[in-house]
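Below is one structure, written out as structure tokens; comments come after it.
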Amino acid sequence: MKPLYGLIGNPVGHSMSPDIHNAALKDAGIDGHYHGFQVAESDLAHAIRGMKALGISGFNVTVPHKVEIMQYLDKIDVTAERLGAVNTVRLEEGQFVGYNTDGEGFLHSLLEVLDQPLSELSFLMIGAGGAARAIYTTIAEYGPKCFDITNRTIEKAETLIESTSEKVPSSALPLHAAEERLREYDVIIHTTSIGMSPNVEGTPFSLANAKDTAVVCDIVYNPIETKLLSEATHLGLKTVDGVGMFVGQAARAFELWTGITPDVERMKSIVIQKLGGTPC
Ligand code: ATR
């Protein structure tokens, strides 16, 4: 049987995962297909059972199923367990095993611009949702000097800090306090949906207090240059756009399924072309 891969989420219509994975399958000479499946929350259990019955080789999981899906899988790998969410599933000897490649995907894109080890850097995260958890947990393992979290709902930032087993000096801060203290941070990572199309004028706060050497990352990839990244560029700061994280998680998922490392630059160019923009 030709291998079939997919994405489950709700909605999935605008996802670019089918574009990049189908291109990667073709480049790898694999006669398979990747398809986006829109699955309502109430249908999740049935969908997983159906995918197993059909012999789907692997699939990605996106909003709103990343946490709920865990109860329907046969095994969860340690990283996904620690992150508390699954974004990739692989069929292994008839069993569905859950993985999470989001944190690694982000880290890969960040490392491309850093010239110091993570242990020498102070981080600030904006947001405390699922994406923030993956990034915080992944980077915390490398023992950064400090990793503060700012969020509209401060309790969620506190919960995220408390729930991570890695002990990194971390404080939960209101947005206005983080904005005032921006010069303390080497890396600023934005993980909320502020500034995402169509609300492109949104930005979490001003970067006026950031230090000259700060790196500013935004996981939003539509638009590629968010208002936050545009301000960072204007101030002469280094930036990391959301395309890198998106493509990074996809590349790790593709490796898990096929054992083949895809051409990440080709994946990036497909996304950029579809978005009709230029990368930062
Ligand atoms: P994801 O899985 O993509 O991270 P999520 O778990 O829903 O999504 O988390 C969304 C994050 O964006 C949260 O930190 C949320 O803040 P709250 O915890 O206060 O809800 C943040 N967020 C979303 N819209 C926001 C807005 N308009 N202003 C400030 N923060 C916002």
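If I filter the stretch 115-138 down to residues being away from the ligand (no atom under 15 Å from the Cβ) and not polar (S, T, N, Q), which single residue comes out as surrounded by the fewest Cβ atoms within 10 Å (Cβ to Cβ)?
Among them, the one singled out is 115.
Taking the conditions exactly as written (away from the ligand (no atom under 15 Å from the Cβ), farther than 27 Å from residue 250 by Cα and part of a helix (DSSP H, G or I)), does residue 179 satisfy them or not?
For residue 179, the condition - away from the ligand (no atom under 15 Å from the Cβ), farther than 27 Å from residue 250 by Cα and part of a helix (DSSP H, G or I) - is not met.
Starting from the stretch 150-161, keep only residues that are open to solvent by 30 Å² or more (accessible area, probe 1.4 Å), then list their pairs with residues that are near the ligand (Cβ under 8 Å from one of its atoms) whose Cβ atoms are within a distance under 6 Å, requiring at least 6 positions of separation or different chains.
156/128
Given the conditions (1) without any contact (Cβ under 8 Å) to a residue 12 or more places away in the chain; (2) of a type outside the set (Phe, Trp, Tyr); (3) in contact with a Leu (Cβ under 9 Å, 6 or more places away or on another chain), report the number of the one that residue 220 does not fulfil.
With (1) without any contact (Cβ under 8 Å) to a residue 12 or more places away in the chain; (2) of a type outside the set (Phe, Trp, Tyr); (3) in contact with a Leu (Cβ under 9 Å, 6 or more places away or on another chain) applied to residue 220, the lone miss is (1).
Could you say whether any residue in the stretch 94-112 is open to solvent by 30 Å² or more (accessible area, probe 1.4 Å), touching a Phe, Trp or Tyr at 6+ places or on another chain (Cβ under 8 Å) and more than 20 Å from residue 165 (Cβ to Cβ)?
no
Looking at the structure I just gave you, is residue 158 within 13 Å of the ligand (Cβ to nearest atom), closer than 20 Å to residue 145 by Cα and in a helix (DSSP H, G or I)?
Yes: the conditions hold for residue 158.
Do we find a residue being assigned to a loop (DSSP other than H, G, I, E, B), free of Cβ contacts under 8 Å to residues at least 24 places away in the same chain, surrounded by fewer than 18 Cβ atoms within 10 Å (Cβ to Cβ) and under 21 Å from the mean Cα position of the chain (by Cα) anywhere in the stretch 225-244? Even if it seems obvious, please write down each step before you answer.
So the first thing to find is which residues in the stretch 225-244 are assigned to a loop (DSSP other than H, G, I, E, B), and the list is 225-226, 235-237, 241.
Subset that is free of Cβ contacts under 8 Å to residues at least 24 places away in the same chain: none.
Within the stretch 225-244, none of the residues are assigned to a loop (DSSP other than H, G, I, E, B), free of Cβ contacts under 8 Å to residues at least 24 places away in the same chain, surrounded by fewer than 18 Cβ atoms within 10 Å (Cβ to Cβ) and under 21 Å from the mean Cα position of the chain (by Cα).
Collect the residues in the stretch 139-155 that are in a helix (DSSP H, G or I) and away from the ligand (no atom under 14 Å from the Cβ), keeping them in residue-number order.
Within the stretch 139-155, 139, 140 meet the criteria.
Restricted to the stretch 49-70, and to residues that are touching a Ser or Thr at 6+ places or on another chain (Cβ under 8 Å) and either away from the ligand (no atom under 13 Å from the Cβ) or in a loop (DSSP other than H, G, I, E, B) (or both), which residue is most open to solvent (accessible area, probe 1.4 Å)?
My answer is 62.
Is it the case, given these coordinates, that residue 189 is within 12 Å of the ligand (Cβ to nearest atom) and open to solvent by 60 Å² or more (accessible area, probe 1.4 Å)?
No, not satisfied.
Starting from the stretch 176-192, keep only residues that are polar (S, T, N, Q), then list their pairs with residues that are within 15 Å of the ligand (Cβ to nearest atom) and part of a strand (DSSP E or B) whose Cβ atoms are within a distance under 8 Å, requiring at least 6 positions of separation or different chains.
Short answer, once both residue conditions are applied: 191/125; 191/126; 192/126.
The values are calculated or read from the model by the stated rules, or taken from the named source; none is laboratory data. Note that the structure is predicted; figures quoted are calculated from it, not measured. Because the Cβ atoms are built from the backbone with ideal geometry, glycine has one as well, and the counts that use them run over all protein chains shown. We work out accessible area using only protein heavy atoms, side chains counted, and drop any ligands, DNA or RNA first. Shrake-Rupley method; radii C 1.70, N 1.55, O 1.52, S 1.80 Å.
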